[in-house]
There are 2 protein chains.
Amino acid sequence: MATIKDVAREASVSVATVSRVFNDAAVVREDTAKRIRDVAASLRYAPHNGARSLITSKTSTIGVLLPDLYGEFFSEVIRGIDLTARGSGYHLIISSSHNDKVEIEAAMRAMRGRVDGLLLMSPDIDANSLLNVPASLPVVLLCAPAKGHEVDSVIIQNFRGAREMVGHLISLGHRRIAIIKGALGNYDAAERLRGYHAALREADFMPDGSLECDGGFTEAGGYAATMELLAVKPCPTAIFAANDSMAIGALSALRDLGVRVPENMAVAGFDDIPLARYMDPPLSSVRVPISDLGARAVGMLLHGITHKNEHTRRRERVSTELVVRRSSGAPCDERPPPARRVRKQR
Amino acid sequence: MATIKDVAREASVSVATVSRVFNDAAVVREDTAKRIRDVAASLRYAPHNGARSLITSKTSTIGVLLPDLYGEFFSEVIRGIDLTARGSGYHLIISSSHNDKVEIEAAMRAMRGRVDGLLLMSPDIDANSLLNVPASLPVVLLCAPAKGHEVDSVIIQNFRGAREMVGHLISLGHRRIAIIKGALGNYDAAERLRGYHAALREADFMPDGSLECDGGFTEAGGYAATMELLAVKPCPTAIFAANDSMAIGALSALRDLGVRVPENMAVAGFDDIPLARYMDPPLSSVRVPISDLGARAVGMLLHGITHKNEHTRRRERVSTELVVRRSSGAPCDERPPPARRVRKQR
DNA sequence: GGCCAGAATGTAATCGTTTACATCGAGATG
DNA sequence: CATCTCGATGTAAACGATTACATTCTGGCC
């Protein structure tokens, strides 16, 4: 493959001049510049970015470490990240399926010299892990607690969102509200559970462990958890799933069992993935501006990269919004029902 | 940030020895190796991959150029790509939103020196564009015609799938079958249209231009197209959308118009994205093994990378499968239970 | 024509690695 | 004891660019 030297030789100039043409073309006389461009084109020359970034110590690339790539949530996050990064002239290196600390640290090392900064979404990373990693590489944590404020982060208002949704169910008259919990050790999962508890406490409900089931954030987990919950006596009248995937699993289970939603069981999710409004019945959920999440994280990271020296640690949180659809049993505007007032369920 | 020289100095050895420890550790005496590893850890040293790949001319990275990142189709493709690439120790650099030829060529140049090969998914790339690009970079085309066999490609059996689906609708007794066409100039779109025509021809139906509407592969486009189609007299009794997104738009439109599916209008899509089975009614579609598509492409690309010299051009096609659900009006199994996915959702 | 300023271009060091080749010791061999 | 071998380590040249600094042109002015 042609290098800058080949072009220089062929155009009878020095490499410096060729380099200048491809960077600050201004200083090169127009006729030489044109000659060089022609030669470059005929040789199909393109600058070698690896070499370039070695000397400039700038890769124009940011690394994205994710636990997984499956499902609408990640797809949306990445989209937000990509849009913002590209807007600022940055490329994206994406690396997924990092489950334990060891893998993540390995992946972070692997990013050394490839990226200018790192976006890290991982349930079980903590500040300590970051110490085992090439120093002075800006990092932003996604959906993870930035303990001790040592590192930037952007998180979802999980607590508030969950409390609000459970509050909504309570306001509809539900007294036995079950929760399908997210993956163990996951920050979002823990916070949503906390929000659930808070809402119950505020309504002076007795906590009831039998109404809390693990769902692992997966659709299958939601299905299984629902099967368990329906065996509990007295039966819950509402199920709050800590994400939409599990809520979808719950809807499947209820359908298989012949339980009508929302008449005999209210269901609500979290995230408001695009799929939610297409469910039957449409799923009430807590909207998270998912692609914003990614966009904000990139913004923060880019600031960290360009103002490396005096960039103060920051923590942003994206706010959530209650989205009421039919599955929770409240009247709603999705498909306007005939005049029907708020009706207590049982 | 610490470099190999720092480590060498601190451990009182030469850079060569340090390098050897991080590569073929075998030749270094165990006690020196340990000393070096300790020093490296204390300095938080990690090898600079940019420099490394400059000299080895190997980046262990493949570039992925996509038109967009939105929607389940891309999400699945990327997942397949990521899984396979990671399995072979490759990283992914992803770049989306490339619409016209110029942008794509720019993006391809930008990949020079960053990647060992390129996965290119673009409706309007052709063999000629590839000539304007750094030579000898292996490329695999996704869902695009590899005219003249100059370049590897993997494509979907669009023609067969579409013909089969339209044949299915015909077998159900439909005689006026409309099509919502995909994006203009898009290869998949053209092939699916061709399959539609073939099926009609085989049934000796007269082609009717008024039954062909553009939908641009988007949900909104499908909605609009459906509105138009319902104004056609005599009205079609079935709509074949060239992808699921448009079919979903069609379902929305029909619901808004009060047309019952499948009783008064059969609807079918293409791709069988995860959402399809959740629609109301569940959407008949043509299943495409989307993540396989990505996986196969990576496999082909890796072969091209490792056997650069004598790698014969190849073209693979992934096969499709008819998936009959309620929306087409045929008797069919009830909704399948959720897939038992073990995969983590977040 | 000689001089000079400023524009255009060239020279060479540098970025952080890898690796062919050179060197150095130490133990084995005759 | 000289020599040979071989294992461990060091030296230095690449890789392909950028860029400070040096050098060479160019044309304007006296």
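At a Förster radius of 30 Å, what calculated FRET efficiency corresponds to the Cβ-Cβ distance of residue B:175 and residue B:228, to the nearest 0.05? List each step's numbers first, then the result.
Working: r = 20 Å, r/R0 = 0.66.
According to the calculation, E is roughly 0.95.
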Open item on the list: Between helix B:72-87 and chain B, what is the angle of the helix's C-alpha long axis to the longest principal axis, kept within 0 to 90° and rounded to the nearest 10?
Closed with: 30 degrees
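Could you please report the charge total around residue B:200, scoring K, R as +1 and D, E as -1 over all other residues with beta-carbon less than 12 angstrom from its beta-carbon? Intermediate results must be reported in sequence, preceding the final value.
Values: positive: B:163, B:175, B:176, B:194, B:201; negative: B:202, B:204, B:208, B:212.
Neighbour charge sum, excluding residue B:200 itself: +1.
Taking R0 as 25 Å, what FRET efficiency do you get between residue B:42 and residue A:310 from their Cβ-Cβ distance, rounded to the nearest 0.05? Could you put the intermediate results ahead of the total?
Numbers: r = 27 Å, r/R0 = 1.08.
Efficiency, rounded to the nearest 0.05: 0.40.
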Open item on the list: Given points 7 Å out from each Cα along the Cα-Cβ axis, report the residue A:204 to residue A:263 separation in nanometres with one decimal.
Closed with: 3.4 nm
- [ ] Would you mind ranking B:104, A:55, B:170 by Cβ crowding within 10 Å, fewest neighbours first?
- [x] A:55, B:170, B:104
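Which entries in the list A:58/A:147; B:181/B:233; A:34/A:58 go over 23 Å, if you measure between the two C-alpha atoms of each? Could the numbers behind the result be given before it?
Numbers: A:58/A:147 29 Å; B:181/B:233 19 Å; A:34/A:58 28 Å.
Distance filter (> 23 Å) returns A:58/A:147; A:34/A:58.
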Open item on the list: Order these by the 10 Å Cβ neighbour count, fewest first: B:35, B:29.
Closed with: B:29, B:35
- [ ] Within the range B:197-260, report the trypsin sites (Lys or Arg not before Pro) that DSSP leaves as loop and that have at most 12 other Cβ atoms within 10 Å.
- [x] B:260
Task: Cβ neighbours within 10 Å from other chains - mean over A:245-251 - done: 2
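Across peptide A:93-99, what mean number of C-beta atoms from other chains lies inside 10 Å of a residue's C-beta?
Working: counts 6, 8, 5, 6, 7, 1, 1.
Average neighbour count from other chains, rounded to a whole number: 5.
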Open item on the list: Antiparallel versus total DSSP beta bridges in chain A: what percent is that, nearest 5?
Closed with: 10 percent
TODO: Would you tally the net charge around residue B:228, using a Cβ to Cβ cut-off of less than 11 Å, leaving residue B:228 out, and scoring K and R as +1, D and E as -1?
DONE: -2
Open item on the list: With +1 on the Cβ of every Lys and Arg and -1 on the Cβ of every Asp and Glu, and nothing else charged, how large is the dipole of the protein assembly as shown about its Cα centre, in debye rounded to the nearest 20?
Closed with: 860 debye
Open item on the list: If neighbour count is taken as other Cβ atoms inside 10 Å, put B:169, B:69 in order from fewest to most.
Closed with: B:69, B:169
TODO: Measure nothing but the geometry: give the 0 to 90° angle between the long axis through the Cα atoms of B:101-111 and the longest principal axis through the Cα atoms of chain B, rounded to 10°.
DONE: 20 degrees
Task: chain B, relative contact order in percent, only Cα pairs under 8 angstrom and at least six apart counted - done: 16 percent
Task: Rough spin-label spacing in nm, given labels placed 7 Å along Cα→Cβ, for residue B:102 and residue B:194 - done: 3.0 nm
TODO: Mind running the shape call on chain A? Use the C-alpha gyration tensor, a ≥ b ≥ c as the square roots of the eigenvalues: rounded below 1.5 for a/c, prolate if a/b tops b/c, oblate otherwise.
DONE: prolate
- [ ] Using packing as a proxy for protection, rank B:152-161, B:94-103, B:245-254, A:304-313 so that the peptide with the highest average count of other Cβ atoms within 10 Å comes first.
- [x] B:245-254, B:152-161, B:94-103, A:304-313
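Classify the protein assembly as shown as rounded, prolate or oblate, taking a ≥ b ≥ c as the square roots of the eigenvalues of its Cα gyration tensor: rounded when a/c is under 1.5, otherwise prolate if a/b is larger than b/c and oblate if not.
Details: a/c = 2.29, a/b = 1.26, b/c = 1.81.
Oblate.
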Open item on the list: Treating only the Cβ of Lys, Arg, Asp and Glu as charged (+1, +1, -1, -1), what charge dipole size does the range B:4-47 show about its Cα centre? Round to the nearest 20 debye.
Closed with: 60 debye
Task: Euclidean distance between Cα centres, the range A:179-223 to the range B:61-124, Å - done: 38 Å
Open item on the list: Let me confirm one metric for peptide A:64-75, namely the mean number of other chain beta-carbon atoms within 10 Å of its residues' beta-carbons.
Closed with: 6
Open item on the list: Given the options A:311, A:268, A:283, identify the residue whose Cα lies farthest towards the positive end of the charge dipole of the range A:260-313 (+1 on Cβ of Lys, Arg; -1 on Cβ of Asp, Glu).
Closed with: A:311
TODO: Report, by chain and number, residues whose modeled amide H sits under 5 Å from the one on residue B:96, excluding near sequence neighbours (fewer than 5 apart, same chain).
DONE: B:66
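Give the peptides B:18-26, B:271-279, A:182-190 in descending order of average Cβ contacts within 10 Å, highest first. Provide the component values of the computation, followed by the final result.
Details: B:18-26: 15.9, B:271-279: 22.8, A:182-190: 20.4.
Going from most to least packed, we get B:271-279, A:182-190, B:18-26.
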Open item on the list: At 222 nm, what value in deg cm²/dmol follows for the protein assembly as shown if DSSP H runs of at least 4 each add -39500 (n - 2.57) and the sum is divided by all its residues, to the nearest 500?
Closed with: -12500 deg cm²/dmol
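Since every read-out is calculated from the coordinates, none of them should be taken as a lab result. All values reported here derive from a predicted model rather than from experimental measurement. Positions of Cβ are backbone-derived with ideal geometry, glycine not excepted, and every protein chain shown enters the neighbour counts.
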